[in-house]
1. Taking residue 88, is it assigned to a loop (DSSP other than H, G, I, E, B) and out of contact with any helix residue (DSSP H, G or I) (no Cβ under 9 Å at 6 or more places or on another chain)?
2. On the given criteria, is residue 37 in contact with a strand residue (DSSP E or B) (Cβ under 7 Å, 6 or more places away or on another chain), under 22 Å from residue 135 (Cα atoms), in contact (Cβ under 8 Å) with a residue 40 or more places away in the chain and surrounded by fewer than 15 Cβ atoms within 10 Å (Cβ to Cβ)?
3. Residue by residue through segment 40-62, note down the ones that are in contact (Cβ under 8 Å) with a residue 24 or more places away in the chain and not in a loop (DSSP other than H, G, I, E, B).
4. Looking at (1) farther than 23 Å from residue 131 by Cβ; (2) outside any helix (DSSP H, G or I), find the lone condition where residue 94 falls short.
5. Give the number of residues within segment 64-85 that are out of contact with any helix residue (DSSP H, G or I) (no Cβ under 7 Å at 6 or more places or on another chain), under 25 Å from residue 27 (Cβ atoms) and in contact (Cβ under 8 Å) with a residue 12 or more places away in the chain.
């Protein structure tokens, strides 16, 4: 009995219908997408300069459901360069806030982010050398906001200003200076009314 038969039985293997996938995905259009975090890894940098926070996002919704996108090579949340580390921690902070973490919340385990849903902005990163162009998640927002800024607090409504018709008589200002009201508009020749006076 062959090994294949051990696994598939006497019926053997029947090839499923071709799904048309040729091994290469077309790039996603630059846009916001609803995603779920499906994988999180912390990887050491190859040169020992620190560690990167790498996140896999899976798109859901009507368009491109099931497609995966990553945050590039990851956030350098630990790095020998203070500037690189500060940038990486800022990026990680934006991600956690989009996942619902508040100012006083702390992320203690990378797996806490698994299954969190949010919106990500996907852009195309130009390839270099042997690497082709690829999609990268570059911005993060609370699910459903599509990256829109939260509305600023509403300003208190101002009371409407009452319309005051021109006065025929002269008005006296508080300074005591006499101020003339505008002269009434002239009626067109022939005594006809203006369009707004009909």
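Throughout, read-outs are computed from the coordinates displayed, never taken from laboratory work. Keep in mind it's a predicted model, so treat the numbers as computed, not measured. Using ideal geometry, Cβ is built from the backbone for each residue, glycine included, and neighbour counts are taken over all protein chains shown.
1. No, not satisfied.
2. No: the conditions fail for residue 37.
3. Those that are in contact (Cβ under 8 Å) with a residue 24 or more places away in the chain and not in a loop (DSSP other than H, G, I, E, B): 40, 41, 42, 43, 50, 51, 52, 53, 55, 57, 59.
4. (2)
5. If we filter segment 64-85 for residues that are out of contact with any helix residue (DSSP H, G or I) (no Cβ under 7 Å at 6 or more places or on another chain), which is where we start, we get 64-74, 80-85.
Within this subset, residues satisfying the condition of being under 25 Å from residue 27 (Cβ atoms) are 64-74.
Still in the list and also in contact (Cβ under 8 Å) with a residue 12 or more places away in the chain: 64, 67-74.
Of the residues in segment 64-85, 9 are out of contact with any helix residue (DSSP H, G or I) (no Cβ under 7 Å at 6 or more places or on another chain), under 25 Å from residue 27 (Cβ atoms) and in contact (Cβ under 8 Å) with a residue 12 or more places away in the chain.
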